[in-house]
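Here the structure is laid out as structure tokens; the discussion comes afterwards.
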Amino acid sequence: MRATAVAQPNIALIKYWGKRDVARNLPAVGSLSITLRDLTTSMQVELDRDATCDGLTVNGVEDSAMLPRLSQCLDRVIGPERAHARIESQCNFPVAAGLASSASAFAAATVAAAAAAGKEYDQSMLASLAGHASGSAARSLYGGFVELANTDAGIEVRTLRPAADWPLVVVIAITETGPKAVGSTEAMEISRKTSPFYSSWVAQQDADLDIARAAVELRDFDKLADVAEHNCLKMHSIMWASRPPLVYWNAATMRCMETVRELRHAGCGVFFTIDAGPQVKAVCQPEDAARVEAALTATTGVKDVMTSGLGDGARLVAER
Ligand code: 2P0
């Protein structure tokens, strides 16, 4: 009746932006990501037949904002006749600030809820269920370098290379700690409906995925750097050209991109990627991580820097 799962956020190098089926939350494009190791979300789900409603605490504080989506997620995982749940989440990084907290939260909640209810789903079913709650959450079911393929039947997620095989490091420059103005779900629909670049984004995604997959297979850092930065800037171009425009960057975001470019010109193995928020994620070779961390820390406007290796997918840690 009670289970706890842990999951890490993932950072997309080839981005998911746009849905082909809103009701089933199916993405319009495939994506490729790296699962982090050191930013974690733990979710305990306890089912209680005597409870009259679901409840959620995040780091010990009642949270009603995320509860409806989590309740729907539990309905899908367990079934609508389920008992109410007490959900306790612990997160060691800022929530809703473009650090993919929903990915780790829904991945962990899916695994914990299935175990609490005694459901024996395989990993691909768990990924589909997590993806229904939040598209990027499907990728956090898997570790290392992960591809989410957009198939006719739905989604298909797999690890291309485990984390230990190519131990890159991600340095995250936090330039703002508050929640973002427009959530990804709403913003994606604005882009789909209004951006003049949206259809070419969808049409070009498979080509970017092919290049990135090959780069991961060959462990070709420069090739991965090139396609990841290009794909990220394409996604932000769609956002900027949407109506209303979706601009998630601030001045410090731009300065961090410049810092990363300067480091690269100076011979560092590093590239940037930015999601639906103002934080800059610098993906680097382990030997260059200290230099990247120092340079981003010294960049004007950076409030904090977090560093993470690559890690495993969501997993159950306790069950009773
Ligand atoms: C990604 N993002 O691939 C992209 C890049 C943000 C920018 O996946 O509507 O929170 O819940 O399926 O998963 C954020 O989207 O959106 C996201 P929903 P989700 O990481």
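All of the numbers you see were taken from the coordinates with simple rules; none came from a lab. None of the values given here were measured: they were computed from a predicted structure. Virtual Cβ from ideal backbone geometry, glycine too; neighbours counted across all protein chains shown.
What length, rounded to one decimal in nm, is gained on full extension from Glu156 through to Asn250, with 0.36 nm per residue of separation minus their alpha-carbon distance?
Numbers: separation 94, 0.36 × 94 = 33.84 nm, distance 3.47 nm.
Difference between extended and current length: 30.4 nm.
So for the pair Arg86, Asp48, with labels modelled 7 Å out along Cα→Cβ, what separation do we get in nm?
For Arg86 paired with Asp48, the spin-label model returns 0.4 nm.
Take peptides 280-286, 206-212 and line them up by average Cβ neighbours within 10 Å, highest first, as a rough protection proxy.
Working: 280-286: 23.0, 206-212: 17.6.
So the peptides 280-286, 206-212, ranked by packing, come out 280-286, 206-212.
If I model a spin label at Ala181 and Lys303 as a point 7 Å from the Cα along the Cα→Cβ vector, what separation in nanometres do I get?
Modelled inter-label distance: 1.6 nm.
If you keep only loop residues by DSSP, which trypsin sites (Lys or Arg not before Pro) in region 1-56 have at most 13 other Cβ atoms within 10 Å of their Cβ? Don't jump to the answer; show the numbers that get you there.
On the way: sites: Arg2, Lys15, Lys19, Arg20, Arg24, Arg37, Arg49; in loops: Lys15, Arg24, Arg37, Arg49.
Sparse-neighbourhood loop trypsin sites (Lys or Arg not before Pro): Arg24, Arg49.
For Lys303, give me every one of the aspartates and glutamates with a C-alpha distance below 16 angstrom, ignoring sequence neighbours fewer than eight places off in its own chain.
Glu176, Glu293
What does the charge count near Glu189 come to, summing +1 for each Lys or Arg and -1 for each Asp or Glu among other residues with Cβ under 13 Å from its Cβ?
On the way: positive: Lys19, Arg20, Arg192, Lys193, Arg243; negative: Asp21, Glu186.
Residues near Glu189 contribute +3 overall.
Give the range of the longest stretch in the chain that excludes all GluC sites (Glu not before Pro) found in loop regions by DSSP and having at most 12 other beta-carbon atoms within 10 Å. The partial results should precede the final answer.
Details: sites that count: Glu81, Glu120.
With GluC sites (Glu not before Pro) excluded where exposed in loops, the chain gives 121-320 as its longest stretch.
For the chain, set up a GNM with springs between Cα atoms under 10 Å and report which of Val170, Val216, Val111 has the largest fluctuation.
Ranking Val170, Val216, Val111 by mean-square fluctuation puts Val216 first.
Roughly what would the spin-label model give for Arg24 and Ala149, points 7 Å off Cα along C-beta, in nm?
With each label point 7 Å from Cα toward Cβ, the separation is 1.7 nm.
Taking Cα atoms, how many degrees apart are the long axis of helix 221-240 and the longest axis of the chain, rounded to 10 and kept between 0 and 90?
70 degrees
Most fluctuating residue of Ala105, Ala228, Ala214 in a GNM of the chain with Cα springs under 10 Å: which is it?
Looking only at Ala105, Ala228, Ala214, the largest GNM fluctuation is found for Ala214.
Which cross-chain or sequence-distant (5 or more) residues have an amide H under 5 Å from the amide H of Asp54, H modelled 1.01 Å from N in plane?
Here the answer is Ala85, since their amide H atoms fall under 5 Å of that of Asp54.
For region 213-320, what class follows from the C-alpha gyration tensor (a ≥ b ≥ c being the square roots of its eigenvalues): rounded when a/c is under 1.5, otherwise prolate if a/b is larger than b/c, else oblate?
Values: a/c = 1.32, a/b = 1.14, b/c = 1.16.
Because its axes are fairly even, with a/c under 1.5, region 213-320 counts as rounded.
About the Cα centre of region 59-193, what is the dipole size in debye to 20, counting +1 per Lys and Arg Cβ and -1 per Asp and Glu Cβ, all else neutral? Don't skip to the answer; put the middle values down first.
Working: 11 positive and 14 negative charges, 22 e Å.
Charge dipole, region 59-193, about its Cα centre: 100 debye, nearest 20.
Does region 89-231 come out rounded, prolate or oblate, given a ≥ b ≥ c as the square roots of the eigenvalues of its C-alpha gyration tensor, rounded meaning a/c under 1.5 and, failing that, prolate meaning a/b above b/c?
Verdict is rounded for region 89-231.
Fully extended, how many nm does the chain gain between His230 and Ala290 (0.36 nm per residue separation, minus their Cα-Cα distance)? Kindly include the intermediate steps, with their values, before the conclusion.
Details: separation 60, 0.36 × 60 = 21.60 nm, distance 2.49 nm.
Separation in residues times 0.36 nm, less the Cα-Cα distance, equals 19.1 nm.
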